[in-house]
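Here the structure is laid out as structure tokens; the discussion comes afterwards.
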Amino acid sequence: QVQLVETGGGAVQAGDSLRLSCAASGGTFSSYTMGWFRQAPGKEREFVAAIKSASDTYYADSVKVRFTISRDNAKNTVYLQMNSLKPEDTAVYYCAADRVPTHWPTRGLSYDYWGQGTQVTVSS
């Protein structure tokens, strides 16, 4: 019933920026923890960022400072602003939603719903 659709991916050069969006439908968006994960070829899926509220955000060490997660509950949308992109950021980026607020937001298994993913490619 809950559908997540990611947009905003693309091919850029190192140092450039991208803004990913994830639009949710079919649920109570404001009560969900929203997360971003990524998976590069030959690697396991890894946590990128998560948000419960504007004052409660989480980031992987590899993206801290460079990336910013935010949400607009009126639009049922979560964003990932990615600055100073590096080739190692290349991956398929997935949006996810967790209905349980007490779950640890860095664990993929915490999330109930997943989007289809959007490709981000960063060349050197």
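The values are calculated or read from the model by the stated rules, or taken from the named source; none is laboratory data. All of these numbers come straight from a predicted model, not from anything done at the bench. Reconstructed Cβ throughout: ideal geometry from the backbone, glycine too, with neighbour counts over all protein chains shown. Ligands, DNA and RNA are excluded from the accessible area calculation, which covers all protein heavy atoms including side chains. Shrake-Rupley method; radii C 1.70, N 1.55, O 1.52, S 1.80 Å.
For this structure, a couple of remarks:
- Residue in segment 65-72 that is in contact with a Ser or Thr (Cβ under 9 Å, 6 or more places away or on another chain) and charged (D, E, K, R) present: yes
- If only residues of segment 1-15 that are under 15 Å from residue 119 (Cβ atoms) and open to solvent by 30 Å² or more (accessible area, probe 1.4 Å) are counted, the one that is farthest from the chain's Cα centre (by Cα) is 11.
- Any hit, segment 106-121, residues being part of a strand (DSSP E or B), open to solvent by 10 Å² or more (accessible area, probe 1.4 Å) and of a type in the set (A, V, I, L, M, F, W, C): yes
- Where residue 30 falls short, out of the listed (1) in contact with a strand residue (DSSP E or B) (Cβ under 8 Å, 6 or more places away or on another chain); (2) assigned to a helix (DSSP H, G or I): (1)
- Members of segment 39-63 found to be of a type in the set (A, V, I, L, M) and either surrounded by fewer than 19 Cβ atoms within 10 Å (Cβ to Cβ) or assigned to a helix (DSSP H, G or I) (or both), listed by number: 40, 54, 60
- Remark: pairs (first residue in segment 64-88, outside any strand (DSSP E or B); second residue among the aromatic types (Phe, Trp, Tyr); Cβ separation under 8 Å; 6+ apart in sequence or on different chains) = 73/29; 76/29; 83/67.
- Residue in segment 43-53 that is at pLDDT below 95 and under 20 Å from residue 106 (Cα atoms) present: yes
- The set of residues in segment 84-93 being open to solvent by 20 Å² or more (accessible area, probe 1.4 Å) and within 14 Å of the chain's Cα centre (by Cα) consists of 90, 92.
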